[in-house]
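Colleague: Got a structure for you, questions after.
The values are calculated or read from the model by the stated rules, or taken from the named source; none is laboratory data. What you see is a predicted model, and the numbers here were worked out from it, not measured in a lab. Positions of Cβ are generated from backbone atoms using ideal geometry, with glycine treated the same way; all protein chains shown enter the neighbour counts.
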Amino acid sequence: MSSSTPIVKTSVNYSYGEYPLIDADPHFKRVVGYMRPSDYGVIGLATAALPAGITFAEWLDPVKGKFARPSVKFLRVATMLGFAVGFGAAYARSSLRFFGVTENAREYKKDEAQMAARKAAGLEPYGTSTLTPELQEIAAKNSAHSIAGLLIFPWFNFVNHPYHGREQK
C-alpha cells in the first residue's frame with residue numbers, strides 16, 4: 001500500500017444513541033480508566049455470583065445425595081469465569097457510554113478536559129503510535145465496533161490511531 005492511498009474517512013460526530021459521541025474506537029486504557037464505580041460493582045457481583053450460584057445449586061440438588069461443598073478447584077474456576085464475565089459486562093457498559101448509547105455526561109466532560117490538556121501540552125489527542133499510518137488504519141478497522149461481539153470474541157483496541165469518528169476542536 002503506497003502512502004498516496006487515501007485513508008478511509010469515518011463519519012464524524014455520529015452518535016449511536018441520543019447522547020454525544022466521545023470516541024468510536026476507544027483505547028483499552030481509556031475504557032478501563034473511565035469506568036464508574038457501578039461498573040466495578042458489576043465485576044464484583046459477577047465474580048461472587050457464579051461460585052455462590054454453584055454452591056446454592058449444590059445445596060438445592062446435591063450431586064451425591066447429601067449437601068457437600070463444591071471442591072475448591074471448581075469454585076476457583078467459577079470465580080475466574082465470573083470475573084471474566086463481569087469484566088466483559090463492565091467493559092461493555094463503559095464502551096456504550098463512549099458510543100453515546102447510554103448517559104455519558106461525566107465521561108464527556110472528562111474527555112473534553114483531557115483532550116484540551118493534551119492539546120495545550122502539544123501532544124496528539126489520542127496518543128502517538130510507532131505503527132505506520134497504514135497499519136494504524138488496519139488496526140482501527142479491526143477494532144472499530146468490536147464491542148458488539150465482546151462476549152463472543154473479545155477484541156480490544158490497544159493501538160493509538162487518529163480514527164475515532166470525532167473531530168477535535
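Colleague: If only one of Y108, Y40, Y91 is under 26 Å from P162 (Cα atoms) and at pLDDT 95 or above, which one is it?
Modeller: Testing whether each residue is under 26 Å from P162 (Cα atoms) and at pLDDT 95 or above leaves just Y91.
Colleague: Are any residues in the range 79-132 closer than 18 Å to F153 by Cβ and without any contact (Cβ under 8 Å) to a residue 12 or more places away in the chain, and if so, which ones?
Modeller: Selection gives A84 alone.
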